[in-house]
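Here is the structure we will look at, set down as structure tokens.
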């Protein structure tokens, strides 16, 4: 392999110049739920609130004074950019960072804060891959060093130092470790160290269903682009995994699973409310994936909370997606007759105690007799949906449930 455990060991002597040790904490909630001892590796506590600073600094610290003097360029969904920005400040180098246009404001503000006058930002493209193409072209034009967020041996070795800390903090080997996947830098780097240190450990990668680029690569036997990328889990939304990371994952990782964004949102809220952890979507993927794994009773499981850069303005969307995923929020198109008391009849005879209207909006009238409305309803439990549907069918109203896969559902949510 182009990267070895020795490279990770060398990175472990460099990365502490900028990174801090992060906690390994037992989650009582997850341990009880899954009948295992679940330990969370808290990289959300890292400088820049993400593990990404490890790889960025390890790469940049290897550059010659001449290379640093010509500046560095990177593309990022936000966390890698923060690592590059902080490394520029520490190493007295100039950096130009390309970000997708949907990068949360919180991450953009942190990049400015960490990099100061040493860093410039350009918003380019809707996805990381589009921003990366622009960044690569700019780096060639300016003869600057491109600091890859995952597909560079030095970046991979730096990300692998998360595993060095995990092994150090564990009093004995873990049975399973679950690691988020974007381009594969963290998973491949950690797998190198873990497989060499604990050969029998089960290594699981996890990626979002709408950006399952590693799953696609493993199926094809080589990296392939994923069409129609869903960028909600922005820290793991990579269209094509790395050429360097792929063979490492293929050879050392036991399995890669996918998780639905709605399930990730539910876990984000649970981490916050029960564990006091502010995780971004990618940071909640590992513990979300536990629901899909067959775990031996009493086994020791490590989950990497990879980042905590979540913009507070996104929480309304997080709550919405979680409620829909849990079957607690549903949308309907209701045709009300244009006569007095129609809405009152819906409230009295269709809704039951504990069922609340959270969205009500009249849409364009289709004729003079009826006025269709979009209605969103929250339930106490998902099990209450069949009874609600029965009451709707028994009414004299024209009611259509908005299916989760329809374009209209995507519009209303």
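Each value in this text was obtained by applying a stated rule to the coordinates, not by laboratory testing. These numbers come from a predicted model, not from an experiment. Cβ coordinates were reconstructed from backbone atoms using ideal geometry, including for glycine residues, and neighbour counts include every protein chain displayed.
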GNM on the chain, Cα springs under 10 Å; top mean-square fluctuation among 330, 349, 80 goes to 349
Rounded to two decimals, the Debye log10 I(q)/I(0) of region 52-146 (Cα scatterers, no solvent) at q = 0.12, 0.14, 0.15, 0.16 Å⁻¹ is -0.30, -0.41, -0.48, -0.55
Given 154-165, 108-119, 124-135, the highest-first ranking by average Cβ count within 10 Å works out to 154-165, 124-135, 108-119
Candidates 76, 313, 87; GNM for the chain (alpha-carbon contacts under 10 Å) flags as most fluctuating 313
Taking a label point 7 Å from the Cα of residue 381 along Cα-to-Cβ, the residues of region 320-335 whose backbone nitrogen sits under 15 Å from it are 327-328
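Over all directions, how big on average is the projection of the convex hull of the alpha-carbon atoms in region 327-412, in square nanometres?
That works out to 5.5 nm², a quarter of the Cα hull's surface.
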Only helices counted: for the chain, with every DSSP H run of 4 or more residues adding -39500 (n - 2.57) and the sum spread over all residues, [θ] at 222 nm is -12000 deg cm²/dmol
Placing each pseudo-label 7 Å from Cα in the direction of the beta carbon, residue 356 and residue 67 end up separated by a distance in nanometres of 5.6
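Taking neighbour Cβ counts within 10 Å as the exposure measure, how do 1, 60 sort from fewest upward? Write out the running numbers ahead of the final one.
Values: 1 14, 60 27.
Fewest to most other Cβ atoms nearby, the residues stand as 1, 60.
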Region 41-80: Kirkwood hydrodynamic radius (Cα pairs, Å) comes out at 11.4
Ranked by GNM mean-square fluctuation in the chain (Cα springs under 10 Å), the top entry among 191, 403, 75 is 403
